[in-house]
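To start, the structure itself, in structure tokens.
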Amino acid sequence: VLMNSLTVNLHLMLMAFYDPDVTNGRVQVIIEEKAFPSDDYALQTHLDARGVDSSKSIVRLRPREGEQLLREDDIFREITSRAQKNTLALVLLPGVQFYTGQVLPLADITRVAHAHGAVVGFDLAHAVGNIPLALHDWDVDFAAWCTYKYLNGGPGGVGGAFVHQRH
């Protein structure tokens with residue numbers, strides 16, 4: 001659906017899909033270290049507003065020393081590790097990392113995270129109109145994006161949101 005802005009839609013998706021079970025510790029959210037700044041701020045303020053300490057609950061994926069890109073194995077290892085510790089609630093990553101241009105394996109991330117009980121959402125601001133997407137087929141829980149970049153919507157262009165029909 002086309003509505004709101006990317007950041008508003010991200011907040012709405014977090015309200016709907018991030019369900020911190022503080023008593024059992026499933027509060028952690030995985031994002032990338034150099035997430036788009038407004039995504040990072042939205043996530044931090046959202047967690048803090050819900051009584052979850054964002055400084056302890058946001059897990060930041062980093063490339064290995066001397067590298068620029070995230071290795072797929074490292075992404076999957078972090079998801080699996082956090083899930084096995086029963087702390088992972090949500091994986092929130094981009095389709096295309098804005099800083100490096102790295103295209104992330106969305107279908108595989110979704111499959112691994114779901115296998116470990118985590119909800120999966122994507123910021124597709126740099127992916128929509130840029131790479132092929134099959135969110136429903138990949139079983140993605142939610143996504144949000146803007147239209148002013150690769151869809152040429154221009155400044156003030158409306159944002160978009162996806163919610164899988166099973167929800």
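The values are calculated or read from the model by the stated rules, or taken from the named source; none is laboratory data. Quick caveat: nothing in here was measured; it's all calculated off a predicted structure. Counting neighbours? That spans all protein chains shown, and the Cβs are built from the backbone with ideal geometry, glycine included. Surface accessibility is based on the protein's heavy atoms, side chains included, excluding ligands, DNA and RNA. Shrake-Rupley method; radii C 1.70, N 1.55, O 1.52, S 1.80 Å.
Contact annotation: residue pairs with Cβ atoms under 8 Å, 6 or more positions apart or on different chains, pairing a residue in region 76-94 that is of a type in the set (Lys, Arg) with a partner that is part of a strand (DSSP E or B) and crowded, with 21+ Cβ neighbours inside 10 Å, are Arg82/Gln28; Arg82/Ile30; Arg82/Leu88.
Just one residue in the set Glu72, Glu32, Glu65, Glu78 is over 18 Å from Val120 (Cα atoms) and among the acidic types (Asp, Glu); that residue is Glu65. Against the conditions (1) under 20 Å from Tyr99 (Cα atoms); (2) touching an Asp or Glu at 6+ places or on another chain (Cβ under 9 Å), Arg166 satisfies every one except (1). Scanning region 145-167 for residues that are over 19 Å from His114 (Cβ atoms) and either open to solvent by less than 60 Å² (accessible area, probe 1.4 Å) or of a type outside the set (Phe, Trp, Tyr) (or both) yields a total of 15.
Residues in region 36-55 that are at negative phi and not in a helix (DSSP H, G or I): Phe36, Arg50, Val52, Asp53. Pull up region 1-30, narrow it to residues that are in a loop (DSSP other than H, G, I, E, B) and small (Gly, Ala, Ser), then point me to the one that is least open to solvent (accessible area, probe 1.4 Å). Of everything passing the filter in region 1-30, Gly25 is least open to solvent (accessible area, probe 1.4 Å).
Within the set Leu47, Leu70, the sole residue that is closer than 17 Å to Gly25 by Cα, surrounded by 12 or more Cβ atoms within 10 Å (Cβ to Cβ) and not acidic (Asp, Glu) turns out to be Leu47.
Could you give every pair whose Cβ atoms fall below 6 Å, whose first residue belongs to region 101-119 and is farther than 18 Å from Arg82 by Cβ, and whose second residue is at pLDDT 95 or above and of a type in the set (A, V, I, L, M), counting only separations of at least 6 or pairs across chains? Sorted first by the residue in region 101-119, then by its partner, the pairs are Gln102/Leu69; Val103/Val96; Val103/Ile131.
Residues in region 75-104 that are open to solvent by 20 Å² or more (accessible area, probe 1.4 Å) and either over 22 Å from Arg26 (Cα atoms) or among the hydrophobic types (A, V, I, L, M, F, W, C) (or both): Phe76, Phe98, Tyr99, Thr100, Gly101, Gln102, Val103. Put simply, of Asn9, Asn24 the only residue that is at pLDDT 95 or above and of a type in the set (S, T, N, Q) is Asn9.
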